[in-house]
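Engineer: Provided herewith is a single structure, encoded as structure tokens, for subsequent inquiry.
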Number of protein chains: 2
Amino acid sequence: MSYHSKVSPTDITAILKTVLHKETDSVSLHEPCFAGREWDYVKDCLDSGYVSSVGAYVGKFEQKLAEFTGAKYAAAVVNGTSALQICLKLAGVQAGDEVLIPALTFVATANAVCYCGAVPHFADSEMESLGIDAEKLADYLKQTAELKNGVCTNRSTGRPIRALVVMHTFGHPARLDLLLQVCRQYGLVLVEDAAESLGSYYQNIHTGNFGKLSALSFNGNKIVTTGGGGAVLTNDEAMYREAKHLTTTAKLPHRWAFWHDEIGYNYRMPNLNAALGCAQLEQMEPFLRRKRALAEQYRKAFEAVPGIQFFTEPPYARSNYWLNALILSEENAPLRDAILEDTNDSGIQTRPAWVLMSRLPMFRNCPRMDLTVAQNLEKRIINIPSSARLGMPYDTPGGDDAT
Amino acid sequence: MSYHSKVSPTDITAILKTVLHKETDSVSLHEPCFAGREWDYVKDCLDSGYVSSVGAYVGKFEQKLAEFTGAKYAAAVVNGTSALQICLKLAGVQAGDEVLIPALTFVATANAVCYCGAVPHFADSEMESLGIDAEKLADYLKQTAELKNGVCTNRSTGRPIRALVVMHTFGHPARLDLLLQVCRQYGLVLVEDAAESLGSYYQNIHTGNFGKLSALSFNGNKIVTTGGGGAVLTNDEAMYREAKHLTTTAKLPHRWAFWHDEIGYNYRMPNLNAALGCAQLEQMEPFLRRKRALAEQYRKAFEAVPGIQFFTEPPYARSNYWLNALILSEENAPLRDAILEDTNDSGIQTRPAWVLMSRLPMFRNCPRMDLTVAQNLEKRIINIPSSARLGMPYDTPGGDDAT
């Protein structure tokens, strides 16, 4: 059978049901799994009285994050968007700068750039990782940008292009080595939007270790959740200290005096949320095993189906398969909404990729390179249920590996 | 005995110990009290799986807040700073505007103005409420500002003065009627920074109902806590809808599509934190009773002490006595640090008022009126332990009113 055949929405629904056959009712796109010490830690946190800006869980959570990712430092914050805003600020992004980001991303990536008073500048994607196409970006910058006193400058707008934000789409690592090369060539600071890629590795190194700074997210739909939360990762001690300072109202340490030395933020993760996060991080291994097992089931189920492809990790990466994705053949792209309709009507939650940032009204006038691949992907991607729970073997309802 | 006598730091410590005699160890400035259904609601929230941006507790918490304050609408957000930022945005504050705020406030008030790209403009305090002096402000504006096409404009800077942020210091309501009058006269939008005044009433109306928009905080040191959290209060339905929209990434409702129509924020309170908040709000009555009882004990204990005054609510208000305050006579102001030293060394946590915003390095060039009273208060205020728990009658260790 060929990739170039008409798919049937009801067939897709039926195949999904086969993989998800354990489920009698509706199946969410991604829900958290609280099978560990969540209640123990949260209860302990409540009993301690320290639920807010004081308490030991934040430090523990940061340490566990650093250990798991291999980054030297992690600063826990209220959410992934705030984490990215702080990354950009520490990367030196200033009002009036431009920041290269993928057009195919969640709106938070672009918003965080705007919070710094900077302008998002949209880059195209490539098919292997769904991340920014490094080679195409290099060609584009050759024509569009020039180094002026060592600062990458947009020839058309005259604005400095300060940083490149790489986003690891659905958890799949982008081509970090090639992208780093572009950054070196053009004096751009690399920032990783690793909101989706906790547990994903680029050539055996955890994502988030390639950027000068990286942002994680622990929103309710992520591989682990703190309710709401995020973190700044860095291997640079000075950056870490400044991240902690900026996210805690930039208050100078003193026994009682309220001295603040710059405009700071109230972005520290509350201790209550960190308590939940500590319990969640302890389950990363089973979560990753189950999510990869689920992806493998999807892969097999769609292997022989013409006109549709289950997206698998790039050859250089080991992915967390945060959000599983089907990619329709170009011929079948017009059926995307019918498939979304039929699957959702059948109680299987699916969704398309994000509307490209370049199409949103508030970013319509932002600079962009040719976005042919991203535009094409936007019409063809369908995300399907991906909770860790769904990857458990059928015959062990209590969990193959419950802690 | 007279107000004009030398106080002794060790005497102050001894008096505080008398009031706090139940306490054997150290006494915090303000700690939360979890004596209600905190466990039940938080456990239920975990069990539901909805800890993040979906779930019923956020809506419940917002409804309880609206009921308690008498405001028509409440939008729960991640913290008080974010709440104030959203209030200012909805009040129409734009980049390049000025916003009048008290010099005597927590840094979040000034930071929130800066997040909008606007400039804080500092106002002086008065002794009765510790809030902005309305009459002095009116005199100042008469000289400094003029209405240009209905827009209050700073004559020196040429910038529009868009709004006035009133902060209810330590929970004590500012002179809202007089301040509203100034706002009407100069076309300023009134915004209440009610972070400290949940449970405080101005002439029997809850604070937060006078501004076009108001910000609450549920940080760990507030009268009720959600770990970290805040809320926007308003009586204007359109403002409420826009507050919800802006704080949830400005996403348009759709079954699956990701359309966002403006630069929004990821500021929604997580469901886990709202669950805690629901349990906390149920205890407002005993919390207020205890805090007022504690304040009364302090008042009596310091009544006959020369050179120092226990700050009591203004005659027009009923205060939550969020943070109790001693005010040293001018003569005794130089002893402030010795008193802070002795009390803290003795395990009784005390602190001075905030460093005036006008003295912080990042605000040094911001416009300001004469700040004589605020400068004077800054040197004379000492905050003393204020937890609700401390206001329980001595002979009922289980609580006079535990739910």
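Engineer: Can you find, within the stretch B:347-395, the residue that is surrounded by the fewest Cβ atoms within 10 Å (Cβ to Cβ) among those that are of a type in the set (Ser, Thr, Tyr) and modelled with pLDDT of 95 or more?
Structural biologist: We begin by selecting, within the stretch B:347-395, every residue of a type in the set (Ser, Thr, Tyr); these are B:350, B:358, B:372, B:386-387, B:394.
Cutting the leftovers down to modelled with pLDDT of 95 or more gives us B:350, B:358, B:372, B:386-387.
Values: B:Thr350: 25, B:Ser358: 22, B:Thr372: 11, B:Ser386: 27, B:Ser387: 22.
Residue satisfying both the conditions and the ranking: B:Thr372.
Engineer: Related question: Could you tell me whether the stretch A:64-74 includes any residue that is in a strand (DSSP E or B), in contact (Cβ under 8 Å) with a residue 60 or more places away in the chain and in contact with a helix residue (DSSP H, G or I) (Cβ under 9 Å, 6 or more places away or on another chain)? Please lay out each step first, then the result.
Structural biologist: Keep residues of the stretch A:64-74 that are in a strand (DSSP E or B), which gives A:73-74.
Add one more test, that the residue is in contact (Cβ under 8 Å) with a residue 60 or more places away in the chain, and what stays is A:73-74.
Still in the running and in contact with a helix residue (DSSP H, G or I) (Cβ under 9 Å, 6 or more places away or on another chain): A:73-74.
Checked against the condition, which is being in a strand (DSSP E or B), in contact (Cβ under 8 Å) with a residue 60 or more places away in the chain and in contact with a helix residue (DSSP H, G or I) (Cβ under 9 Å, 6 or more places away or on another chain), the stretch A:64-74 yields at least one hit.
Engineer: Quickly run through the stretch A:312-324 and pick out the residues that are over 14 Å from A:Ala293 (Cα atoms) and either buried (at least 21 other Cβ atoms within 10 Å of the Cβ) or in the same structural domain as A:Met127 (by TED's automatic domain parsing) (or both). Before the answer, list the steps.
Structural biologist: Our first condition is that a residue be over 14 Å from A:Ala293 (Cα atoms); within the stretch A:312-324, this holds for A:314-317.
Within the stretch A:312-324, just A:Ala317 meets the criteria.
Engineer: Moving on. Mind checking which residues of the stretch B:202-227 are touching a Pro at 6+ places or on another chain (Cβ under 7 Å) and more than 14 Å from chain A (Cβ to nearest Cβ)?
Structural biologist: Step one: of the stretch B:202-227, the residues touching a Pro at 6+ places or on another chain (Cβ under 7 Å) are B:202, B:207, B:220, B:225, B:227.
Within the stretch B:202-227, B:Tyr202, B:Thr207 qualify.
Engineer: Which members of the stretch B:283-316 meet the condition of being over 29 Å from B:Asp177 (Cβ atoms), in a loop (DSSP other than H, G, I, E, B) and within 22 Å of the chain's Cα centre (by Cα)?
Structural biologist: Selection gives B:Gln283 alone.
Engineer: In addition: Answer yes or no: is there a residue in the stretch B:112-121 that is assigned by TED's automatic domain parsing to the domain that holds B:Leu233, in contact with a helix residue (DSSP H, G or I) (Cβ under 7 Å, 6 or more places away or on another chain) and within 16 Å of B:Cys183 (Cα to Cα).
Structural biologist: The answer is no; no qualifying residue exists.
Engineer: A further question follows. Within 27 Å of A:Leu390 (Cα to Cα), in contact (Cβ under 8 Å) with a residue 60 or more places away in the chain and in contact with a His (Cβ under 8 Å, 6 or more places away or on another chain): does that describe A:Pro286?
Structural biologist: Values: within 27 Å of A:Leu390 (Cα to Cα): yes; in contact (Cβ under 8 Å) with a residue 60 or more places away in the chain: yes; in contact with a His (Cβ under 8 Å, 6 or more places away or on another chain): no.
So A:Pro286 fails the test.
Engineer: Anything in the stretch A:129-169 that is under 17 Å from the mean Cα position of the chain (by Cα) and surrounded by fewer than 23 Cβ atoms within 10 Å (Cβ to Cβ)? List them, or say none.
Structural biologist: none
Engineer: Assuming A:Thr343 fulfils every condition listed in (1) outside any helix (DSSP H, G or I); (2) of a type in the set (Val, Ile, Thr); (3) within 11 Å of another protein chain (Cβ to nearest Cβ) apart from one, which condition is it?
Structural biologist: Result: A:Thr343 fails condition (1) only.
Engineer: Restricting the search to the stretch A:57-83, which residues are within 14 Å of chain B (Cβ to nearest Cβ) and within 28 Å of B:Trp39 (Cα to Cα)? Show your work before the answer.
Structural biologist: Of all residues in the stretch A:57-83, those within 14 Å of chain B (Cβ to nearest Cβ) come to A:57-58, A:61, A:76-83.
Within the stretch A:57-83, A:Tyr57, A:Val58, A:Phe61, A:Ala76, A:Val77, A:Val78, A:Asn79, A:Gly80 qualify.
Engineer: Kindly provide the set of residues from the stretch A:84-111 that are over 24 Å from B:Asp261 (Cβ atoms), within 14 Å of chain B (Cβ to nearest Cβ) and not in a loop (DSSP other than H, G, I, E, B), ordered by number.
Structural biologist: Within the stretch A:84-111, A:Ile86, A:Lys89 qualify.
Engineer: Condition (residue is in contact with a Pro (Cβ under 6 Å, 6 or more places away or on another chain) and surrounded by 17 or more Cβ atoms within 10 Å (Cβ to Cβ)) applied to the stretch B:291-305: is it met by at least one residue?
Structural biologist: From the stretch B:291-305, those in contact with a Pro (Cβ under 6 Å, 6 or more places away or on another chain) are none; that's our starting set.
Taking every residue of the stretch B:291-305 in turn, none turns out to be in contact with a Pro (Cβ under 6 Å, 6 or more places away or on another chain) and surrounded by 17 or more Cβ atoms within 10 Å (Cβ to Cβ).
Engineer: Taking the stretch B:289-309 as the region of interest, how many residues are touching a residue at least 12 places away in the same chain (Cβ under 8 Å), of a type in the set (Lys, Arg) and over 26 Å from B:Glu62 (Cβ atoms)? Outline the logic, then answer.
Structural biologist: First, the residues of the stretch B:289-309 that are touching a residue at least 12 places away in the same chain (Cβ under 8 Å): B:289-295, B:297-299, B:301-302, B:304-309.
Still in the list and also of a type in the set (Lys, Arg): B:289-292, B:299.
Still in the list and also over 26 Å from B:Glu62 (Cβ atoms): B:292, B:299.
Residues meeting the conditions: 2.
The values are calculated or read from the model by the stated rules, or taken from the named source; none is laboratory data. For clarity, every value in this text was computed on a predicted model and none was experimentally measured. Neighbour counts run over all protein chains shown; Cβ positions are idealised from the backbone, glycine included.
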